[in-house]
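Please treat every number below as a calculation from the coordinates, not as lab data. Small disclaimer: the values here were computed from a predicted structure and weren't measured. Neighbour counts are summed over all protein chains in view; Cβ atoms, including those assigned to glycine, are modelled from backbone coordinates with ideal geometry.
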Amino acid sequence: MKRDNKTLDQIYDLFALRILVNSVKDCYSALGVVHEMYSPMPGRFKDYISVPKPNMYQSIHTTLLGEKGTPFEVQIRTYDMHRIAEFGIAAHWAYKEANYGKKGKQNITVNANEDKLSWLRETLEWQREMKDPEEFLNTLKTELFEDEVYVFSPKGKIKVLPMGATPIDFAYSIHEEIGNHMCGCKINSKMMPIITKLKSGDIIEILTNDSQKGPSRDWLKFIKTTRAKSKIQSWYKKEQKEENILKGKELIEKEIKRIGIGYDELFKTQYISVMLERYKFKNLEDMYASVGFGAITAGKIIARILQEYRKEHKEQNLEEKIEELAKQKKKINKTASNGIVVRGIDNCLIKLSKCCNPVPGDEIIGYITKGRGVSIHRKDCTNINDLINEEAKIIDVYWENEEKASYNVDIEIYSNDRQGLLADIISQINVTQSKLMAVNSRANKEKIVATQITIEVENIEELNKVIRTLRKIDSVYEVKRKK
């Protein structure tokens, strides 16, 4: 109710009845009987028998109005469907094997087995692609519990996709090569951007071109299905392995430089082997390639190595010295020139992190860096999240209200290409009276424009005002602060 903003009288399945029958034909006969007895509620009918869910769930759902106007749900399915719904495909097969297999009364073909295994096989593929177990779990929950849309191919083949899916998701649901060579799409016979969100009943035609080199990285920002995401990442992993290895090395070295520990000191064999085992990498090249194409962040790699490094370096270090200093000075709060107070520390070097550019009003956190003082991050910064398990390096910081200062913030704007777009963006920023420091805009072959701007603001309220103004511009469909 909270998630969908619904009241109690909008919940129609508080009362429910399940009808189990012997065959699919009986399911539809039972549906006719209950619809004759009670009035069905419009828009509350779902036929998962003719269009099963990806995880093989099948049933007819209908909502009826009782004699006193009380709505209730009826689910109609066969006994076979019920076993799959309650106990899973494997348990259902075990039952079939025990009851029919030896007697020869049940014929399950290889093709049928392959169809039923496809969802499980795809899930295992996601697990192999995703080195982070938490990311895999979130992906699995999304695939299982997202609302769905029903769309069609030009030949009438139906596809079930999660709500918010795009023609890119549709292309990859048909075949990997169709997605990789996609150059455009038609929705209901009309040319549309490939990032258009699909609606139930849409007829999708995918346009391909053999000269298309492959998918765009920008697609990852808009796609909804894990299948599409994993196939795009696999393509980049294969086709640009050397480039990904170089990029991964660069990101790892940058992260090592940021925390202030020497490469040779940190990248020792005993530390590396534990990290490779943890994330199931075959070797360092495999790890660099994964970091390069974005399967895992450099921060997570270094955080795992640091855990091993700390086991052998338990002597007094920078964090312990700062902790002692905090105990000696009970109430020392020094305001930095940029308007930040570090609790318990005097004369401390403070640096605003460039990766997330915090501004007054943001929730912030301090991270102690060796030899470089305290680095200030937003609490939702991806880099600080990767290293949050190193609690000894975290320190309390907060904004000083009295002192005013200006801060640079990066904003990303995504829009459909049109004439005068950039001029409108600059014009609206001038209306807000914020100072524009830099702008970079580019359009890709799908006519999607990615614009990055840097503005100067005094606090979070001013920043939010700019973002609200930009969202009102014609053709702009997404505005977000760069993390």
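Values for this structure:
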| item | result |
| --- | --- |
| Extent along principal axes [Cα atoms of the stretch 182-238; Å; largest to smallest] | 34, 25, 15 |
| Across LYS249/LYS351; LYS159/LYS300; LYS300/LYS447, pairs whose alpha-carbon gap is larger than 29 Å | LYS159/LYS300; LYS300/LYS447 |
| Volume of the Cα convex hull of the stretch 407-481, divided per residue and given in Å³ | 72 Å³ |
| The stretch 8-90: Rg to Rh, with Rh as the Kirkwood radius over Cα pairs | 0.98 |
| Interchain or long-range residues, amide H under 5 Å from GLY184's placed H | LEU207 |
| FRET efficiency for LEU65 and GLU250, using Cβ-Cβ distance with R0 set to 56 Å, rounded to 0.05 | 0.30 |
| For the stretch 376-382, 3J(HN,Hα) per residue [Karplus equation, 6.51 cos²θ - 1.76 cosθ + 1.60, θ = phi - 60°, Hz, x = Gly/Pro] | 9, 10, 6, 5, 9, 5, 5 |
| Cα Rg, Dmax (largest Cα-Cα span) when computed across the stretch 242-311, Å | 11.0, 34 |
| Cβ-based charge dipole, the stretch 242-311, positive-most Cα from ALA295, ILE305, ILE245 | ILE305 |
| Mean Cβ count within 10 Å, highest first, over the residues of peptides 436-445, 294-303 | 294-303, 436-445 |
| In Hz, Karplus ³J(HN,Hα) per residue of the stretch 67-79 (6.51, -1.76, 1.60; θ = phi - 60°; x = Gly, Pro) | 4, 9, x, 7, x, 8, 9, 10, 10, 10, 7, 7, 5 |
| Distance in nm between pseudo-label sites at LEU17 and ILE158 (7 Å out along the Cβ direction from Cα) | 2.5 nm |
| When the stretch 160-280 is reduced to its Cα atoms, the Kirkwood hydrodynamic radius in Å | 16.9 Å |
| Cut-off under 5 Å, modelled amide H: who pairs with LYS197 long-range | none |
| Long-range HN-HN contacts of ALA295 with modeled amide H, under 5 Å | none |
| Rg followed by Dmax, in Å, when the stretch 225-276 is reduced to its Cα trace | 14.7, 41 |
| In sequence order, calculated HN-Hα J values of the stretch 40-53 (Karplus, 6.51, -1.76, 1.60; Hz; x Gly/Pro) | x, 8, x, x, 10, 10, 9, 10, 8, 7, 6, 10, x, 5 |
| Within the stretch 146-238, percent of DSSP bridges classed antiparallel, to nearest 5 | 95 percent |
